[in-house]
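Each remark here refers to the structure printed beneath this line.
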Amino acid sequence: MEQDLTLHEARMNLFNVVERTKSVSELRDIQRLIASYYAQKATEGMDKLWEQGAWSAEKNESILHEHLRTPYKYAK
C-alpha cells in the first residue's frame, strides 16, 4: 500500500512543479487545475450531503436569507 505524503513532501512536490514552469500562462494553468480539483472536491462533498439528506433545497433557501455580517458597535 502506498503511504500518504507528509505535508512537507506535498509542499515540496508542488514547489518543484511550480519551479519548473516556464511562463505565466503555465502557472495560471496550474492554478486553474488546483482550483478545479478543490471545486470538484467541494461538489462531491455537497452531493454526499444531499444524498444523505443532510442538505436540502430548503436549507439552501434559508441560507440565502441569513444575515451573516458581524454587527459593528461604533463609538459615540
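The values are calculated or read from the model by the stated rules, or taken from the named source; none is laboratory data. Just so we're clear, the structure is a prediction, and the values are computed from it rather than from any experiment. So basically every Cβ, Gly included, is an ideal-geometry build from the backbone, and we count neighbours across all protein chains shown. In case anyone asks, the SASA skips ligands and DNA or RNA and just uses the protein heavy atoms, side chains included. Shrake-Rupley method; radii C 1.70, N 1.55, O 1.52, S 1.80 Å.
Annotations
- Think of the chain as having a plus end and a minus end, set by charges on the Cβ of Lys, Arg, Asp and Glu; of 21, 55, 40, 21 sits farthest toward the positive end of this dipole.
- For the chain, the dipole from Cβ point charges (+1 on Lys and Arg, -1 on Asp and Glu) about the Cα centre works out to 620 debye, to the nearest 20.
- Qualifying chymotrypsin sites (Phe, Trp or Tyr not before Pro) in the chain, DSSP loop, other Cβ atoms within 10 Å at most 14: 72, 74
- Note on the chain: helix-only mean residue ellipticity at 222 nm, from DSSP H runs of 4+ residues weighted -39500 (n - 2.57) and normalised by residue number, equals -22000 deg cm²/dmol.
- Within the stretch 30-51: backbone nitrogen closer than 16 Å to the residue 62 label point (7 Å, Cα to C-beta): 50
- Using the Cα coordinates of the chain, the gyration tensor eigenvalues translate into equivalent-ellipsoid semi-axes of 36, 23, 15 Å, sorted from longest to shortest.
- Placing R0 at 35 angstrom, the Cβ-Cβ distance between residue 52 and residue 22 gives a FRET efficiency of 0.20 after rounding to 0.05.
- Proximal aspartates and glutamates to residue 59, defined as alpha-carbon separation beneath 19 angstrom and excluding residues fewer than eight positions away on the same chain: 44, 47, 51
- For the chain, accessible area per residue (1.4 Å probe, heavy atoms of protein chains only), Å²: 101 Å²
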